[in-house]
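Only the coordinates and a few stated rules stand behind these numbers; no lab work does. Keep in mind that this is a model prediction, so the values were computed, not measured. Neighbour counts run over all protein chains shown; Cβ positions are idealised from the backbone, glycine included.
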Amino acid sequence: MGRIPESELERLKAEVSVEQLVRSHGIDLVKSGKDWRGRCPFHEDSTPSLVVTPSKNLWHCFGCGVSGGPVDWAMKANGISFRHAVELLREGIPSLAAKAGASRTTVRALESPVSMSADDAALLAQVVDYYHQTLKASPEALTYLERRGIAAAVDHFKLGYANRTLGLRLPEKNREAGAAIRTRLQAVGVIRESGHEHLNGCVVFPWFDEAGCVAGLYGRKIVENQAKNLPKHLYLPGPRRGVFNAEGLRGQTEVIVCEALIDALTFWCAGLTNVTAAYGVEGFTDDHLTLSKDEGVERVVIAYDRDEAGDGAAVKLAERLMAEGIGCYRMTLPHGLDVNEYALKVTPAAKSLAHLVRSSAWMGQGAAPARELPMSPKTASSLAAKKEPEPEPTPAAAASVAPALDIPCEVSETEVVFTLGAVRYRVRGFDAKAQGALKVNVLATSGERFHVDTLDLYHAKARASYIARAAAELRLTEDAVKADMGRMLLKLEMLQAQAAAPTETAAMTEFEREQALALLREPDLLARIVVDFAACGVVGEETNKLVGYLAAVSRKLDTPLAVVIQSSSAAGKSSLMDAVLAFVPEEERIKYSAMTGQSLFYMGETNLKHKVLAICEEEGASRAAYALKLLQSDDELTIASTGKDATTGNLVTQEYRVEGPVSIMLTTTAIEIDEELLNRCLILTVDEGREQTEAIHRLQRQKRTLEGLKLKQQKQSVLGLHRNAQRLLKPLAVVNPYADQLTFLSDKTRMRRDHEKYLTLIDTIALLHQYQREVKTVAHAGGELTYIEATASDIESANRLVHEVLGRSLDELPPVTRRVLEAIVAAVKAKPVPRESVRFSRREVREWTGQGDTPLRKHLERLVELEYLLMHRGQRGQSFEYELIYDGNGTGEGHLSGLLDVTTIASSLPSNGEFAPGSLGQRSAKTPSTLPEANPADRARARASANRVGASARTHVSVQTGDRASY
């Protein structure tokens, strides 16, 4: 019998109102304090003795003493069983009003899942459909299938669950229709003579014939602790007919035959889909044989249980098949196991089962003929892998070997394999980056014997338990297994130490190092970066590319920059982020599509330190937004979590800590960016103009040419050069000797954070040029401080970038909305009538701007709210027209004023090219480090490219702020 989960009962008790149930029974309730009172329908009640307590969702009669919750009321009021009451409440049918004084009510029947007009085939199909829907709503049955590892087969094979609710949905048996339908169901075997469901309490496995009709049903009891005299395996009465998974055998020359359907589904879920099942050890029918001969099956792998009954049945089946000219192989499972039990002990099951099938023993006379993998070509290609080495024969005893400091092993992405004498150990779940943790899955094999378990190698009790059991299973001495475990533990620690060791320059040749140094010593390094972006196929977006590159470099600082790349869908925000990340060394960048709320807290204490954390969509990081803000503001995250003590097993509070700093990079399609992000990040807006689109089209066409093929090959060398250059950058401190002279706007509180971004951008540019600056040291507090100094040219470069990037944040309109407004202004000015007389529709704005209707609605709403546009009711009544009330004489996109004019610093420099004492660290004629001279033509091109960066900022007229000129 299918047991109703406690969680379901608790849900009904919480969600179904007792008060509503009582009222629906026709009982008038009167308020009595916090409770309700009424006349009890279960006895003669002259004075109201029924009390309903809504706060507890309970009822109680002080007259007859009955009481309970919603389920109890449904049972008592309707005179039905507990399960029937639960089904009624599940359906949302509390009860119907009863006659006055009656103890039973006429309960509306649940909808019948079968039809009297259906023939036997259709009737059986309707039962299968009902069982299938019941399974999907039954957590206990789904849990059973997940525990057996075959939950993936539910929909494909239409698996079901018989939980004794079918009878509740049929008409009452004392009625003609109820008796007739029960007789029909009894005839097809679904209901027994007693009236009970034949497969009650079973997960139901149907199979179908060529016409798609149900050929048979198999039921497996899911309750393991039932009475021993009750069978766990049930079939419909009568002879077995049809073939399970016949479609999987079509066109196959080699198939797998299992003893049970669950074993066959285990193969199917592992990707070996050309499998069927006999109906028990003696259940291989004439239908199986006929289908095999009709499909031209040449070989059969018999995967019966590895026990006495299975071995005997396999021999009989092989004799029968070979008499028909079909070759037979016996799959050799560990003794006492069936296919499903074995698959649950090893991971991944697909590879392990495929290996067992490939190594099946030939059951005929003489040498085994050549054979292919027993699977479809599609499945074979997905499972094709290097064949695992055959285990050596089991030794009588193994010598005890002292742990060595190093032993050979095979390391792949998913496992580490040790071959120690006659024993092969396969270790999975090993994380080379998880310092101080060695929780792994270890499979020890020797011949046909094996032992597999998951354990923490640092936990002495778990290790001792594994050693004892493995020694017993493999018939080895515990000392031998203990020695092997010790050697493996030391080797795994060595692999972790190697993974933790810094490898930034280890893989760099001397030639690559010299090339990277030459790049870092480029006189016009920022311009060179822009040129190299173009060489890698990223056109336009000069400022965005350069700021993104600098933000990635800022990870080396104590307070890195964070970037949000904003654009509409498909405009190229992800391409821009990927282009920037491609210049960052692989080991110093981490990219995710989404993050959960607490994922950052468990990433390892130093896994994010001085790295770039990129998330594809800001929406994908919404649940982790709080942690991201803390990490950026505080440079660390801490969380207290409850866990088990490894020694005592008691619950203890554990603290997890993640260290920064980290440079964060996000993309978003939101028109309005969250204020918290806007305060903490630099906002890069992708150019969505027509000229940029045409440039992208030209590049896309060029990629199809021979020149494009050459550039594609050149791209990898350019990226490798920049990655090596970034590996050479050291996290030096930066001192700005002009810091006390710098100026910045202060009219808004958000300028406090913008000012910090500005200073960090200067520091980053200086850090990028560290191989062109003198590294200085100063004694302080008994130690030495190492640093480089920012120069006037660093400030000038930062000013050009900040004008465009931070200047956008001063505009009350988002950049895309600003461009929509400018297009409207241009179109209205082109009209031959005064601005006040022009009315335009949303359709006209779509034509002027090329924007889609959905984003355009948001832009127009913002422009109306901020009084750039005025909305009028259209002539058709339901439409709207707009009027431009903005005269078009504003500043447009904001540009940051109040910055220091660098010429006031440059004017104090000597004419011979040397710098004044206040600007230490810049190159001069007396600088001892000699830098390679650039080709004049190359330098001219680089400078021209640099001049394009921030050109819009330089075109603005400088204004006087105090005694300094500013842009």
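What is the Cα convex hull volume of the stretch 410-500 when expressed per residue in Å³? If you can, show how the numbers build up before the last one.
Details: hull volume 7.6 nm³, N = 91.
About 84 Å³ per residue, rounded to a whole number.
Given the convex hull over the Cα atoms of the stretch 120-235, what projected area results after averaging over all orientations, in nm²? It would help to have the intermediate numbers written out before the result.
On the way: hull surface 30.5 nm².
Mean projected area for the stretch 120-235: 7.6 nm², to one decimal.
Mind checking which lysines have their C-alpha under 18 Å from Lys232, skipping anything on the same chain fewer than 8 residues away?
Qualifying lysines at Cα under 18 Å: Lys221.
Enumerate the amide H contacts of Ile885 below 5 Å, restricted to partners 5 or more residues apart or on another chain; note that Pro and chain-start residues carry no placed amide H.
It is Leu869, Leu870, by chain and number.
Stretched out fully, how many nm does the piece from Thr253 to Ala535 gain, at 0.36 nm a residue minus the Cα gap?
96.1 nm
Starting from the Cα of Lys56, draw a straight line to each of the lysines and keep only those under 21 Å, dropping any in the same chain fewer than 8 residues away.
Lys13, Lys31, Lys34, Lys76
Give me the orientation-averaged projected area of the Cα convex hull of the stretch 6-91, in nm², one decimal. Show your work: numbers first, answer last.
Values: hull surface 21.9 nm².
Across all orientations, the stretch 6-91 yields a mean hull projection of 5.5 nm².
In Å and from the alpha-carbon atoms only, list the Rg and Dmax of the stretch 815-884.
That works out to 11.4, 33 Å for Rg and Dmax.
Between Arg752 and Phe82, what is the FRET efficiency for a Förster distance of 41 Å, r being their Cβ-Cβ separation, to the nearest 0.05?
Numbers: r = 66 Å, r/R0 = 1.62.
Efficiency at R0 = 41 Å is approximately 0.05.
Can you put Met577, Met751, Met322 in order of Cβ neighbours within 10 angstrom, beginning with the fewest? Write out the running numbers ahead of the final one.
Details: Met577 22, Met751 18, Met322 15.
Listing Met577, Met751, Met322 from fewest to most nearby Cβ atoms yields Met322, Met751, Met577.
Could you rank the peptides 323-331, 438-446 by their average count of other C-beta atoms within 10 Å per residue, with the highest value first?
Values: 323-331: 17.1, 438-446: 21.2.
Averaged packing, sorted descending, gives the order 438-446, 323-331.
Give me the base-10 log of I(q)/I(0) for the stretch 419-556 at each q in 0.12 Å⁻¹, Debye formula, one uniform scatterer per Cα, rounded to two decimals.
Normalising to I(0) and taking log10 leaves -0.66.
Work out from phi, with θ = phi - 60° and the Karplus expression 6.51 cos²θ - 1.76 cosθ + 1.60, the ³J(HN,Hα) of each residue of the stretch 441-457, listed in order in whole Hz, and give x for Gly and Pro.
9, 10, 10, 9, 10, 8, x, 8, 9, 7, 8, 9, 6, 9, 8, 9, 5
Just the projected area, averaged over all directions, of the convex hull on the alpha carbon atoms of the stretch 682-785: how many nm²?
On the way: hull surface 46.1 nm².
It is 11.5 nm².
How would you rank Leu474, Leu742, going from fewest to most other Cβ atoms within 10 Å of each one's own Cβ? Don't skip to the end; give the middle numbers.
Values: Leu474 22, Leu742 17.
Ordered by Cβ neighbours within 10 Å, fewest first: Leu742, Leu474.
Which length gain, in nm to one decimal place, applies between Ala177 and Lys34 when the Cα-Cα distance is subtracted from 0.36 nm times their residue separation? Each step should come with its number before you reach the end.
Numbers: separation 143, 0.36 × 143 = 51.48 nm, distance 4.74 nm.
Fully extending the segment from Ala177 to Lys34 adds 46.7 nm.
Run a plain Debye calculation on the stretch 246-383 (Cα atoms as equal point scatterers, no solvent) and give log10 I(q)/I(0) at q = 0.11, 0.13, 0.17, 0.21 Å⁻¹, rounded to two decimals, same order as the q list.
Rounded to two decimals, the profile gives -0.33, -0.47, -0.85, -1.39.
Summarise the long-distance tail of P(r) for the stretch 786-849 by giving the % of C-alpha pairs beyond 15 Å.
Numbers: 1352 of 2016 pairs.
The answer is 67 percent, as a whole percent.
Quick one: if the Förster radius is 45 Å, what FRET efficiency do Arg147 and Glu707 give, using the C-beta to C-beta distance and rounding to 0.05?
Working: r = 60 Å, r/R0 = 1.32.
For R0 = 45 Å, the calculated efficiency reads 0.15.
I need the phi-derived Karplus couplings for the stretch 251-268: 6.51 cos²θ - 1.76 cosθ + 1.60, θ = phi - 60°, integer Hz, Gly and Pro marked x.
Along the stretch 251-268, the couplings run x, 9, 9, 9, 10, 10, 10, 9, 7, 9, 5, 5, 5, 5, 5, 5, 4, 4 Hz.
To the nearest 0.05, what FRET efficiency results for Phe880 and Arg690 with a Förster distance of 22 Å applied to their C-beta separation?
Working: r = 27 Å, r/R0 = 1.24.
According to the calculation, E is roughly 0.20.
Once you put a point 7 Å from the Cα of Thr53 and another 7 Å from the Cα of Gln186, both along the Cβ direction, what distance in nm separates them?
4.8
I'd like the Karplus ³J(HN,Hα) series for the stretch 662-669: coefficients 6.51, -1.76, 1.60, θ = phi - 60°, whole numbers in Hz, and an x wherever there's a Gly or Pro.
These are the phi-based 3J(HN,Hα) values: 9, 8, 9, 9, 10, 10, 7, 9 Hz.
What residues qualify as long-range amide H neighbours of Ile191, i.e. H under 5 Å apart, gap of 5 or more or another chain, H built at 1.01 Å from N?
Under 5 Å from the amide H of Ile191 lie the amide H atoms of Gln186, His198, each far enough along the sequence or on another chain.
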